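**Q** Structure in structure tokens, see below.
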């Protein structure tokens, strides 16, 4: 009984330490793949799509970054002129999700995806919804 339990715990530890890619390319404008661990404003499929984020004139990438980092367990991984990638790390298994944000005209392109696994149990959609609520509260959308 102890041996199977030890094997299960060891495999969970190994999987939990694996975070997928370490060098990420900009995928902000791409639709999600066919795994239910991603949501995007650029994907028209109901299962993966997010409603548009329309920015107010006072919205800056810096202000958006501050709001996104306040969602917890987050760090900025890449920042360019109109692009931002923030990594969120889960508390227990240390899985990493990438939130990509890009400003195009008056729209905020949002893409949130898990690096590993098939399903995220709705975590990325919840994060995108929390981001929307926080941006609304900050007067940025």
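Read-outs throughout are calculated quantities, based only on the coordinates presented, and are distinct from any laboratory measurement. Quick caveat: nothing in here was measured; it's all calculated off a predicted structure. For neighbour counting, all protein chains shown are included, and Cβ atoms are generated from backbone atoms with ideal geometry for every residue, glycine included.
**Q** How would you rank 73-83, 27-37, 92-102, highest first, on the average number of other Cβ atoms within 10 Å across their residues? Can you show the working numbers first?
**A** Details: 73-83: 12.9, 27-37: 16.3, 92-102: 19.2.
Going by the mean number of other Cβ atoms within 10 Å, highest first, we get 92-102, 27-37, 73-83.
**Q** On a full-extension model of 0.36 nm per residue, what is the gain between residue 115 and residue 54, subtracting their alpha-carbon distance, rounded to one decimal in nm?
**A** Once the chain is fully extended between residue 115 and residue 54, it gains 19.3 nm.
**Q** Obtain the nm distance between the two label points defined at residue 104 and residue 81 by a simple spin-label model: each point lies 7 Å from its Cα along the Cα-to-C-beta direction.
**A** So the two model labels end up 1.6 nm from each other.
**Q** Once label points are set 7 Å from the Cα along Cα→Cβ at both residue 26 and residue 89, what is their separation, rounded to one decimal in nm?
**A** Spacing of the two 7 Å Cα→Cβ label points: 2.6 nm.
**Q** Let me ask something additional. When a/c reaches 1.5 or more, the comparison of a/b and b/c decides; with that in mind, is region 28-137 rounded, prolate or oblate per its Cα gyration tensor?
**A** Because a/c hits 1.5 or more and a/b fails to exceed b/c, region 28-137 counts as oblate.
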